[in-house]
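Student: If you scroll down you'll find the structure; I have some questions about it.
No value in this document is a laboratory result; all are computed from the given coordinates. Note that this is a predicted model, so its numbers are computed, not measured. When we count neighbours, we look across all protein chains shown, and the Cβ atoms used for this are built from the backbone with ideal geometry, even at glycine.
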Amino acid sequence: MTRDEVLAMAKKNLGNTIIDFYEKSQQRVSIEVKPEDILETTRVMFHDLHARFQTASGVDTPNGIEIIYHWALDPMNCVVNVRTKLKRENPVIDSCANLVKATEWIEREMWEMLGIEFTNHPDMKHLLLKEDWPEGKYPLRRDYFTEIENKKTTESETNEARHD
Amino acid sequence: MSFAVNALTRSLNVFHLAGSACNNCDIEILATLTPKYDLERFGLVLVGSIRHADLILLSGIFNKKSAIRVKEVYEQAPKPVVVVAIGGCACSGGMFRDSYNWDQPVNKYIPIDAYLPGCPPKPEAMISAVVKLITKLRGKKL
Amino acid sequence: MTKRTIIPIGPYHALQEEPEFFKLHVEGEKVVGLEIELGYNHRGIEKLSESKHYDQTIFLVERICGICSTSHPIACVQAIEDAGDIEVPERALYIRSLIGELERIHSHMLWLGLAGHFLGFNTIWMWAWRYREDVLDVFELITGNRNHYAMMKAGGVRRDIKSEDIPAIKKMIGNLVKPLTLFKNAVVDDPVIHARTKGVGTLTAQQIIDYAALGPTARASGVLIDVRRDHPHAAYGLVDWDVIVAQNGDVFDKAVVRILEMFESLKIIDQCLEKLKTVTGPIDSNPREIKPGEGVGHYEAPRGEVFHYIRSDGTNRPARHKVRAPSFMNIVTDREAVIGQTVSDATIILAAVDPCYCCTERMAAIDVNSGKKTFTSADMIRLSQAKTEQVKKQLGAPGPQIKLL
């Protein structure tokens, strides 16, 4: 199948779920869907289009939290960015980990870094941060860095360790 | 020269301890031991267990998760033990000082005897550091 | 019923950017489960990148991994170029591919040496690392540093390769063919290595697709993914080379894929050097600004596809920088590969996706029921090495022979 045929198939199978379809260039295509349609979109990308899951990027924007699922169509030299926008106050989305195993770890990472809740995730726990990382502190949120700097100025210096 | 220092400086058992490093200092440490540079000609041997260590080569920053573990490993080493911080990260934190996962400077956890900056230090620099360290331990002038 | 024991492996060790803590669940000699824990090496690079401008970002991503220290910058500059629609001069493309392939050779040599060490052939370790130094010498000649070459720049490369250096580089690269052939023969034709690695840690093509594994791990199982071929970038569309693929998906095939890939890399380097003689012009398009938008960059690192996503808001700093390294996808496959294998094979299976050495140097087995330490780090490697000795005796073969050149 050529690139245009595959994209036409994606449009047909996704149907009304597409909010926005934009071709930046021959190699980069961007599709926006509603958060509640993400499972269906993932199924179409993985099973119908046989795309390879590259990764997902969570972005904290002024208008809410955005997740971009990057899918590679290797034979067609094309990367499809499937994006969805969540509310900042209550970011909840279905987990794709039961559908595509490769998404399991990246969803854990987005949960601890951006505080996105993934419903029905098989094994949700900290991936990169320590186990007792304070709840509600998400490093990749825009408002996080100030907290660290505040802590730095108030923290008293501890003494250097010495030889026994 | 005390018996301990004499025994220590004849044949150092090296243990290589990595905090949160980018791997490059660790590779250069191993490269120092392989045939081209051959640190073993000074009697240095890489050992697999901290219980045998005389010299700890420390690389990388300490992050919030690894700091406690590295400190635990250091406490298991038989004393006296000499610690060398290898690379810019272990010496000062380098470019990771502003990170949210950066814990504290390495010397807040482990007393460091020698600093070897560089990103990464070349094997020649490591050999020179070890030779200087041995000279210093024997109480001779550099 | 056999007692179930947990063997913790790790935790921290300098893997690429993801050191892991493995918990092997074993029943007797058989591995029945694997838990993986990450985070001992997490340095928050994605957040740090948002506080650096585009030129500094490249030096930051270079320090993600010491072995892939040109793969991340290439992917990063491609993401920036994609976001800002920046053109790259042709000469710069050849230099990018040249540096990338040199790195692939030194990385695969490094893995080969360590795999030899885990199997009990320290000779292979020492020899592989000795010839790896020759590649590092080429790096030192071109870039001035053995590691962290700092060659990439959005819009081109930072340094040119002088035409008077090309014959010397060609000679140094030519000298690598003989040792590489020697390694190929030593590893590929050896009955002891066959016995230790064939049918061990097998991954099927379906597992690879499910977990979206990458690089030599995928290609050893017959899944043809190579970003260099599928999404042509740098000079890979302009030179002639082949993608190496094997079918069985075991440790042996992973080793073979890596060894044969080194020969392809030599081919690419040779053609790039030839082209550099004739293709002249600038090496850098000197972009002045990055317009708002987003860009994706990917590059086939020695371990698989490195993926960078950059969002620009028109300022001189990225608004979001997402990095995904190949091991993030590959390590998960260990969960499938290690089940049903013996403990003495676990070392080489966990090493087969090309993580690093330190993991296996810090192992300790603890009996869950009594909490007593039963065997330690060095024992794991010793176990693996002892098995090789046993296989050697059974086969009556001496193991890989390396003849002096």
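Student: For a test of the definition: using alpha carbon positions, the gyration tensor, and the 1.5 limit on a/c, classify the protein assembly as shown as rounded, prolate or oblate.
Tutor: Verdict is rounded for the protein assembly as shown.
Student: Here's a follow-up. Give the order of C:Lys171, C:Lys198, C:Lys153 when sorted by the count of other beta carbons within 10 angstrom, beginning with the fewest. Write down the numbers at each step before the final one.
Tutor: On the way: C:Lys171 9, C:Lys198 13, C:Lys153 22.
With the fewest neighbours first, C:Lys171, C:Lys198, C:Lys153 line up as C:Lys171, C:Lys198, C:Lys153.
Student: Other chains' Cβ within 10 Å of B:60-70 residues: what's the mean? Before the final figure, lay out each step's value.
Tutor: Working: counts 6, 2, 1, 10, 8, 16, 9, 3, 1, 6, 2.
That works out to 6 on average.
Student: Also: Counting only residues 5 or more places away or on other chains, whose amide H sits under 5 Å from the amide H of A:Leu86 once H atoms are built in the peptide plane?
Tutor: A:Ile65, A:Glu66, A:Ile67
Student: A follow-up question, please. Give me the percent relative contact order of segment C:243-347, please, defined on Cα pairs under 8 angstrom at least 6 residues apart.
Tutor: Numbers: 87 pairs, mean separation 15.1, N = 105.
Dividing the mean separation by the residue count of segment C:243-347 yields 14 percent.
Student: Just need the relative contact order of chain B here, percent rounded to a whole number, with Cα pairs under 8 Å and 6+ apart. Kindly include the intermediate steps, with their values, before the conclusion.
Tutor: Numbers: 237 pairs, mean separation 39.2, N = 142.
Computed over chain B, the figure is 28 percent.
Student: If you put +1 on each Lys and Arg Cβ and -1 on each Asp and Glu Cβ, how big is the dipole of chain C around its Cα centre, in Debye rounded to 20?
Tutor: Working: 49 positive and 52 negative charges, 185 e Å.
That gives a dipole near 880 debye.
Student: Mind giving me the FRET efficiency for C:Asp313 and A:Glu131? R0 is 30 Å, r the Cβ-Cβ distance, nearest 0.05 is fine.
Tutor: Working: r = 34 Å, r/R0 = 1.15.
For C:Asp313 and A:Glu131, the calculated efficiency is 0.30.
Student: Is there a pair in B:Lys64/C:Lys30; A:Lys24/A:Lys130; A:Lys24/C:Lys162; B:Lys36/C:Lys170; B:Lys36/C:Lys267 whose C-alpha atoms are over 28 Å apart, and which pairs would that be?
Tutor: Values: B:Lys64/C:Lys30 34 Å; A:Lys24/A:Lys130 39 Å; A:Lys24/C:Lys162 37 Å; B:Lys36/C:Lys170 21 Å; B:Lys36/C:Lys267 26 Å.
Check vs 28 Å cut-off fails for B:Lys64/C:Lys30; A:Lys24/A:Lys130; A:Lys24/C:Lys162.
Student: How far apart, in nanometres, would the label points at C:Asn145 and B:Arg10 be if each is projected 7 angstrom from Cα along the Cα-to-Cβ direction?
Tutor: It works out to 4.1 nm between the two label points.
Student: Find the centroid of the Cα atoms in segment C:61-86 and in segment C:109-167, then give the distance between the two in whole Å.
Tutor: 18
Student: Could you pull out which residues in segment A:72-95 have an amide N less than 16 Å from a spot 7 Å beyond the Cα of A:Arg142, following the Cα-Cβ vector?
Tutor: A:85-91, by backbone N distance to the label point.
Student: Peptides C:105-115, C:126-136, B:119-129, C:284-294: what's the order by average Cβ count within 10 Å, highest mean first? Working shown, then result.
Tutor: Numbers: C:105-115: 25.0, C:126-136: 21.3, B:119-129: 18.8, C:284-294: 15.1.
The packing order, highest mean first, is C:105-115, C:126-136, B:119-129, C:284-294.
Student: Please get the size of the charge dipole for segment B:3-137, origin at its Cα centre, with Cβ charges of +1 on Lys and Arg and -1 on Asp and Glu, quoted in debye to the nearest 20. It would help to have the intermediate numbers written out before the result.
Tutor: Values: 14 positive and 11 negative charges, 38 e Å.
Dipole about the Cα centre, nearest 20: 180 debye.
Student: Assuming a ≥ b ≥ c are the square roots of the Cα gyration tensor eigenvalues, decide whether segment C:24-176 counts as rounded (a/c under 1.5), prolate (otherwise, with a/b larger than b/c) or oblate. If you can, show how the numbers build up before the last one.
Tutor: On the way: a/c = 2.83, a/b = 1.26, b/c = 2.25.
In terms of gyration-tensor shape, oblate.
Student: For chain C, take the longest principal axis of its alpha carbons; what is the angle in degrees between that and the long axis of helix C:122-143, to the nearest 10 within 0 to 90?
Tutor: 10
Student: Nearest 20 debye, what's the magnitude of the dipole of the protein assembly as shown about its Cα centre given +1 on Lys and Arg Cβ and -1 on Asp and Glu Cβ?
Tutor: On the way: 88 positive and 93 negative charges, 426 e Å.
For this selection, approximately 2040 debye.
Student: Can you show me the helix-derived [θ] at 222 nm for the protein assembly as shown, built from DSSP H runs with n ≥ 4 at -39,500 (n - 2.57) apiece and divided by the number of residues, rounded to the nearest 500.
Tutor: For the protein assembly as shown, the value works out to -12000 deg cm²/dmol.
Student: Charges on Cβ only, +1 for Lys and Arg, -1 for Asp and Glu, centred on the Cα centroid of segment A:3-150; of A:Ile65, A:Val6, A:Ile18, which one is farthest towards the dipole's positive end?
Tutor: The residue sitting farthest along the positive end of the dipole is A:Val6.
Student: Right, next: Taking the Cα centre of chain C as the origin and placing charges on Cβ (Lys, Arg +1; Asp, Glu -1), which of C:Ala352, C:Ala128, C:Phe139 is farthest toward the positive end of the dipole?
Tutor: Projecting each Cα onto the dipole axis, the largest value belongs to C:Ala128.
Student: Roughly how many whole Å is it from the C-alpha centroid of segment B:49-91 to that of segment C:196-221?
Tutor: Value for the Cα centre distance between the two parts: 36 Å.
Student: With an 8 Å Cα cut-off and a minimum separation of 6 or more residues, compute the relative contact order for chain C in percent.
Tutor: Values: 830 pairs, mean separation 108.3, N = 405.
This gives 27 percent for chain C.
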